[in-house]
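The values are calculated or read from the model by the stated rules, or taken from the named source; none is laboratory data. This one's a predicted model, so the numbers in the text were calculated from it and none came from an experiment. Glycine also receives a Cβ, built like all others from the backbone with ideal geometry; neighbour counts cover every protein chain displayed. Just so you know, the surface numbers come from the protein's heavy atoms only, side chains and all, with ligands and any DNA or RNA stripped out. Shrake-Rupley method; radii C 1.70, N 1.55, O 1.52, S 1.80 Å.
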Amino acid sequence: MSFSHTITVLDFTAQIGLHALAQLSGSGTLPTATQQRSWPQLALAHVAGAPLVDWHRPAQVGDLEQLQPDVAATAVLMGPGSIHLLEAALGSDVLHTSKAVWIFLLPNAVLARHAIDAALRTRPHPNVQVFQLPNSDPKTLWFILMEQLGKLQVLASPPSLTDQHTMTTNLKESMNTAMGIDGAMAVALVDYRSGMCLAQAGSGMNLDLAAAGNAQVVQAKLKTMESLGLRKGIEDILITLVDQYHLIRLVPHIPGMFLYLVLDKNKGNLALARYKLTDIERSIKV
């Protein structure tokens, strides 16, 4: 399968998407042509070899007909409103020919999540990822979008299905990736049923001891949720110290496991760390 070097951005936000567009151009200033709805083949500023971006701000369903099919990825930026445009986009052939679809939801885009779930039940797409942004800061949206763009090289050369990696290699790579998070001090993969640490990296504390202690935290929280009749499950648990964040992220596809990340408050960005840890969690194999 050939690899397209273009991604499509569908911007259904009021202003935040325009801030990201300004960053993309490298000017840092918002577009002034208010009637302009499309910016084709934009080059990512200051990044050699990066994919080109077709940026669209559709005003009506007919605008979606301009979209180029069979692109490397489609990113949908969704704020409140424009539900009819979102539903039309999710039902279009263009999104279903994209090799990946990323949907970024601002915190106040409540109705959009329901529309997405309904559309995917009607017409499933195996490569859709939905990201609920932790805040409405344009910088957060931009950084997360850039993180996703950085993965397109993986789409260009997907690994063979017969290429088997050992558990040790996969876990080592996961730990190394986690230590690449800004402000990361230590990380571990823990079995909360036994308190055992399956993999770890970093320094500054006894991670085996921390793993056992935090396993008790997870067990206690799960018991409390069961007593309260809460069935949705835990995504993560945050413990805030004076100078550190301790983030516990459960691994839903591997029962009994959680990732434990220690983050320097002065060097790290909590929102981005949570996002990256979620991505690492999805890639873990044991």
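Here Val187 fulfils each of the conditions (1) touching a residue at least 40 places away in the same chain (Cβ under 8 Å); (2) open to solvent by 20 Å² or more (accessible area, probe 1.4 Å); (3) of a type in the set (A, V, I, L, M, F, W, C); (4) in a strand (DSSP E or B) apart from (2).
Within the span defined as segment 173-182, every residue fails to be surrounded by 16 or more Cβ atoms within 10 Å (Cβ to Cβ) and assigned to a strand (DSSP E or B).
Test Leu64 against the criterion of being outside any strand (DSSP E or B), modelled with pLDDT of 85 or more and in contact with a Ser or Thr (Cβ under 8 Å, 6 or more places away or on another chain), and give yes or no. Yes.
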